[in-house]
Amino acid sequence: MTVIAPGGRIGILGDGQLGRMMALAAAEMGYFVHIFGPEKDSPAAQVSHQSTVARYDNKRALKSFAKSVDVVTLEFENIPTDALEYLSQFVPVRPGRKMLEITQDRLLEKSFVNNLGIGTAPFTNVENIDDLVQAVQKIGTPAVLKTRRLGYDGKGQVKITQGSQIDEAWAAVGESHCILEGFVKFKMEISVIVARSTNGKMQAYIPVENRHKNHILDMTLAPANIPPDMASDAMEMAEKIAKKIQLIGLLAVEMFVTHDGEILVNELAPRPHNSGHWTIEACATSQFHQIIRAVCSLPLGNANRHSNATMKNLIGDDIDAWAKIIKNPDNNLHLYGKSEAREGRKMGHVTKLFPLGDKSPA
Ligand code: AMP
C-alpha cells in the first residue's frame, strides 16, 4: 500500500474533539489536515490547516474535499455510508463503508460479534410493538430497548423493568427499528482500543475501566483492575474483531465484565475513543498518533504504556473549575475550544499519571 508521507494531506470527516486531537497529532507528524463537518468554528477546524463547513450529503463539497486530500478518515461513525461510497471514487477512505455499515447498526454489529464466537448480551430484533411484546417475553426483564441506529451516550435507549412499560418504551424510542437487549448486571465496564494498519499489523492498548455518569463516560482508569488472563482475552477479542472486519484505522471495543468473569462485547466504535485519551500522556504512541500512522500506511507505533493513568471528563459546567484543576501540577488539562458549556457536552478532560505498578490507580 502506498505510504502517505509527511507533507501529505489528511481529510477528517467530523469536526469535534476527536478530530481536533487527531489533527494535532497529524500536525506534529508533518501532515496537513482538512476537516469536513457541519459546524462553524468547530473544535477540529480551530486547529486544522483547512476546513469545509457542509452537510455530509453535499456532493459538491464532498468532491472538492476528496480532491484536496490524499486519504480520508473519520472521527464520527454516523457519517452516511453513501458519503463514504462517493468519496471513495476519488480517494482512499479508511475505515471504509463496510466497517461503517456494521458499526452504525446495533443489530448487524452484535450479530457480527456473535458470529466470531464472541459473546454479547442476549438481544433480539424489534420492528414493531408486537415484536417488542414477544421480545420482552423471550429476553425477560430488566432489558434495554435501543434504537438500531444513531444512538450514543445513552441516547435512543430505554430500560424496561416490567412488561407494563412496553408501550411507554416503544414511544420513547420513537417507534423506530430497535433491538431489545438483556440487562447485564456487570461488575465493570472496560474497553480495548486496537489499531490495524494497511498491512494487517495490529497494536492493542491494554484494557481500561470506564465509569459512567448519566450514561456519559465520566472517568477512565488505566489499566482496568482485572486479572492478566482476562486482560489478554479482551485484547485478543478486539484484535479478532479488527481483523475480521478488515479495519484500517482504530477500533474501540466496549465490553462488560460480568460477575462470573465473562467478557461481553457491548459496542464497537471505528475511530479514536474517549476511553483512549489517557494514551496521549501515558503511552509511547497515543491513539491519535496511531490512527494517523494506520491510515497513512506508516508502521504502527508501540502501544505500551510507560505510566498508569486516570482520565476524567469535564462535562458541561465542570469546565468552570479549570483554574483550580490547573493549579495542581500533576493535572494535564485538555480543553476542546467549545464556547458554550451545554449540559452533557464534553468540554475537555484531565489526565493524571501514576507510576506503573500491579494495581489500577482506582
Ligand atoms: P451504549 O450506548 O450501548 O454504549 O450504552 C451506554 C451505557 O448504557 C453503557 O456504557 C452501559 O453503562 C449501559 N448499558 C447499555 N447496554 C446495557 C445492557 N445491556 N446492560 C446493562 N447496561 C447497559
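Checking Asp41, Asp105, Asp70 one by one, the residue that is under 28 Å from Leu298 (Cβ atoms), acidic (Asp, Glu) and not assigned by TED's automatic domain parsing to the domain that holds Ala143 is Asp70 and no other. Scanning region 238-255 for residues that are within 16 Å of the chain's Cα centre (by Cα) and either more than 15 Å from the ligand (Cβ to nearest atom) or open to solvent by 20 Å² or more (accessible area, probe 1.4 Å) (or both) turns up Ala238, Glu239, Ile241, Ala242, Ile245, Leu247, Ile248, Gly249, Leu250, Glu254.
Just one of the listed residues (Ile206, Ile190, Ile226) is under 27 Å from Glu281 (Cα atoms), under 18 Å from the mean Cα position of the chain (by Cα), assigned to a loop (DSSP other than H, G, I, E, B) and among the β-branched types (Val, Ile, Thr), and it is Ile206. For region 1-51, residues that are touching a residue at least 24 places away in the same chain (Cβ under 8 Å), part of a helix (DSSP H, G or I) and of a type in the set (A, V, I, L, M, F, W, C) total 9.
Could you go through region 292-305 and let me know if any residue there is in a helix (DSSP H, G or I) and touching a Lys or Arg at 6+ places or on another chain (Cβ under 9 Å). Yes, some residue in region 292-305 is in a helix (DSSP H, G or I) and touching a Lys or Arg at 6+ places or on another chain (Cβ under 9 Å).
With respect to the conditions (1) surrounded by fewer than 19 Cβ atoms within 10 Å (Cβ to Cβ); (2) closer than 19 Å to Gly19 by Cα, Ala323 falls short on a single one, namely (2). Considering region 64-76, and only residues there that are small (Gly, Ala, Ser) and not in a loop (DSSP other than H, G, I, E, B), the residue that is surrounded by the fewest Cβ atoms within 10 Å (Cβ to Cβ) turns out to be Ser64. Considering only region 173-183, I want to know if a residue exists there that is within 14 Å of the ligand (Cβ to nearest atom), open to solvent by 50 Å² or more (accessible area, probe 1.4 Å) and either under 30 Å from Lys243 (Cβ atoms) or in contact (Cβ under 8 Å) with a residue 60 or more places away in the chain (or both). Yes, some residue in region 173-183 is within 14 Å of the ligand (Cβ to nearest atom), open to solvent by 50 Å² or more (accessible area, probe 1.4 Å) and either under 30 Å from Lys243 (Cβ atoms) or in contact (Cβ under 8 Å) with a residue 60 or more places away in the chain (or both).
Considering (1) more than 16 Å from the ligand (Cβ to nearest atom); (2) buried (at least 19 other Cβ atoms within 10 Å of the Cβ), say which one Ser275 fails and leave the rest. Looking at each condition in turn, Ser275 falls short on (1).
Scanning region 126-146 for residues that are open to solvent by less than 50 Å² (accessible area, probe 1.4 Å), more than 9 Å from the ligand (Cβ to nearest atom) and touching a residue at least 40 places away in the same chain (Cβ under 8 Å) yields Val126, Leu132, Ala135, Val136, Ile139, Gly140. For region 3-19, indicate whether the set of residues that are in contact with a helix residue (DSSP H, G or I) (Cβ under 6 Å, 6 or more places away or on another chain), at pLDDT 95 or above, over 22 Å from Tyr86 (Cα atoms) and open to solvent by 10 Å² or more (accessible area, probe 1.4 Å) is non-empty. Within region 3-19, not a single residue is in contact with a helix residue (DSSP H, G or I) (Cβ under 6 Å, 6 or more places away or on another chain), at pLDDT 95 or above, over 22 Å from Tyr86 (Cα atoms) and open to solvent by 10 Å² or more (accessible area, probe 1.4 Å). Residues satisfying the criterion are absent from region 161-169 (criterion: within 15 Å of the ligand (Cβ to nearest atom), surrounded by 18 or more Cβ atoms within 10 Å (Cβ to Cβ) and among the polar types (S, T, N, Q)). Flag: Ala54 matches the condition of being open to solvent by less than 20 Å² (accessible area, probe 1.4 Å) and not aromatic (Phe, Trp, Tyr). Scanning region 184-195 for residues that are in contact with an Asp or Glu (Cβ under 8 Å, 6 or more places away or on another chain) and away from the ligand (no atom under 12 Å from the Cβ) turns up just one, Val194. Per the listing Ala27, Ala44, Ala61, the residue uniquely more than 16 Å from the ligand (Cβ to nearest atom) and buried (at least 20 other Cβ atoms within 10 Å of the Cβ) is Ala44. Scanning region 96-112 turns up one or more residues that are surrounded by 15 or more Cβ atoms within 10 Å (Cβ to Cβ), within 16 Å of the ligand (Cβ to nearest atom) and of a type in the set (A, V, I, L, M).
Every residue, every condition in (1) acidic (Asp, Glu); (2) in a strand (DSSP E or B); (3) in contact with a helix residue (DSSP H, G or I) (Cβ under 6 Å, 6 or more places away or on another chain); (4) closer than 19 Å to Gln246 by Cβ, yes or no:
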site: Asn78; (1), (2), (3), (4): no, no, no, no
site: Asp82; (1), (2), (3), (4): yes, no, no, no
site: Ile102; (1), (2), (3), (4): no, no, yes, yes
site: Glu109; (1), (2), (3), (4): yes, no, yes, yes
site: Asp130; (1), (2), (3), (4): yes, no, no, no
site: Ala135; (1), (2), (3), (4): no, no, no, no
site: Thr141; (1), (2), (3), (4): no, no, no, no
site: Arg149; (1), (2), (3), (4): no, no, no, no
site: Lys155; (1), (2), (3), (4): no, no, no, no
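As for region 160-179, it holds no residue that is hydroxyl-bearing (Ser, Thr, Tyr) and under 25 Å from Met237 (Cα atoms).
The values are calculated or read from the model by the stated rules, or taken from the named source; none is laboratory data. Every value quoted in this text rests on a predicted model; they were computed, and no experiment measured them. Glycine also receives a Cβ, built like all others from the backbone with ideal geometry; neighbour counts cover every protein chain displayed. Ligands, DNA and RNA are excluded from the accessible area calculation, which covers all protein heavy atoms including side chains. Shrake-Rupley method; radii C 1.70, N 1.55, O 1.52, S 1.80 Å.
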